[in-house]
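Here the structure is laid out as structure tokens; the discussion comes afterwards.
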Amino acid sequence: MFKKFLCLVIIILFTMNLCACASKQNLKKDSNSFEKERSQFKTNLLQKVKSPQEYSDNIIIDNASKITYQSGDLKLQAWISKIPDDTKKYPAVVYAHGGFAFDKEDWDNIKPYLDAGFVVMTPTFRGENGNPGNFEFLYGEVDDLINAGKYLAGQKNIDSSKIFLAGHSSGGSLSMLVSLLPSPYSAIATFGASPDQEFTFSHGWEKYASFDLKNPKEIELRSPTDYIYCLHKPLYVYVGKDDNLYKDSSTKLVLKAVDYGVNVNMIYVNGDHTTSLKNSIEESVGVFKSK
């Protein structure tokens, strides 16, 4: 009797294991599908507008140069710290600012990277800070951010194997989308990013969307959570313990990554959406230096 019961238990466990494996198999998707779908899709801008955020033409930053980098047919502005003129190769960080325009405060935020010996580049994106192109709200700006990394990789004395990407808020969302595509970056850290734009655009941000909100594909291709199985680079998701905007959606992103067997690291830090930034950047320094 006991042997029959034992055999029955083994059969049940074996069947459950098969079902679990089958479930995992069903979750498997083409890891390049995000790249493919983006290449076949063109965002439909119902209004061709510039960034909704005001900016200053008179930004002065010590020990940094204002340069231009190429993104498709657009020449875009960026700031880059001084690259030492010696025989060494230096690690670097591209920092994607929050909001929809670059300001000196964004440069001040990246001081921990400079203090740790990284060369830092802070790009501006299409349609903002007087740049050509239109504001696309998390679409064409993804290409700009990848091209900023390519520009940095081509600079003398930069270690192209140690270029990292970090971004806050909207810049974090862009960085999260970049993690799903081939890029020059070795690892990516996001601070208070929005993984799910269906949530974001239904909570007040739809007024800034110049594209067709009625097309679900427009929102899907701006939402990292829908394509997390396409992860190309190590992703570190920092979120404030009191960030009521994106803490829940960030948690859901990580749980979905686990379902797909994708390694996404989530780090809770003290503070809300804004006050958690300093702690997040300081903690990411150690992550980047360990790579």
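Considering LEU174, LEU213, LEU180, the condition of being closer than 25 Å to ALA257 by Cα and either without any contact (Cβ under 8 Å) to a residue 60 or more places away in the chain or not in a helix (DSSP H, G or I) (or both) is satisfied by LEU180 alone. For GLU198, the test of being in the same structural domain as ASN265 (by TED's automatic domain parsing), acidic (Asp, Glu) and free of Cβ contacts under 8 Å to residues at least 24 places away in the same chain is failed.
For beta carbons closer than 6 Å, sequence separation of 6+ or different chains, a first residue in the range 86-102 that is over 24 Å from THR274 (Cα atoms) and not assigned by TED's automatic domain parsing to the domain that holds SER276 and a second that is of a type in the set (S, T, N, Q) and surrounded by fewer than 21 Cβ atoms within 10 Å (Cβ to Cβ), there are no qualifying pairs.
Annotation note: of TYR185, TYR229, the sole residue that is within 24 Å of GLY149 (Cβ to Cβ) and surrounded by fewer than 21 Cβ atoms within 10 Å (Cβ to Cβ) is TYR229. Among the conditions (1) at pLDDT 95 or above; (2) among the aromatic types (Phe, Trp, Tyr); (3) closer than 28 Å to ILE110 by Cβ, the only one that TRP205 does not satisfy is (1). Is there a residue in the range 151-168 that is under 24 Å from PRO52 (Cα atoms) and either of a type in the set (Lys, Arg) or surrounded by fewer than 23 Cβ atoms within 10 Å (Cβ to Cβ) (or both)? No; the residues of the range 151-168 include none that is under 24 Å from PRO52 (Cα atoms) and either of a type in the set (Lys, Arg) or surrounded by fewer than 23 Cβ atoms within 10 Å (Cβ to Cβ) (or both).
Of all residues in the range 239-291, those that are touching a Gly at 6+ places or on another chain (Cβ under 8 Å) and among the aliphatic types (A, V, I, L, M) total 4.
In the range 241-273, of all residues being assigned to a loop (DSSP other than H, G, I, E, B) and in contact (Cβ under 8 Å) with a residue 40 or more places away in the chain, the one that is surrounded by the fewest Cβ atoms within 10 Å (Cβ to Cβ) corresponds to GLY261.
Within the range 67-98, the set of residues being small (Gly, Ala, Ser) and surrounded by 14 or more Cβ atoms within 10 Å (Cβ to Cβ) comprises SER71, ALA78, SER81, ALA92, ALA96, GLY98. For the range 112-135, the set of residues classified as buried (at least 23 other Cβ atoms within 10 Å of the Cβ) and acidic (Asp, Glu) consists of GLU128 only. Residues in the range 99-111 that are within 19 Å of the chain's Cα centre (by Cα) and surrounded by fewer than 24 Cβ atoms within 10 Å (Cβ to Cβ): GLY99, PHE100, ALA101, ASP106, TRP107, ASN109, ILE110. Of the residues examined, LYS48 is one that is part of a loop (DSSP other than H, G, I, E, B) and touching a residue at least 12 places away in the same chain (Cβ under 8 Å).
The values are calculated or read from the model by the stated rules, or taken from the named source; none is laboratory data. Not measured: the values here are computed from a predicted model. Glycine also receives a Cβ, built like all others from the backbone with ideal geometry; neighbour counts cover every protein chain displayed.
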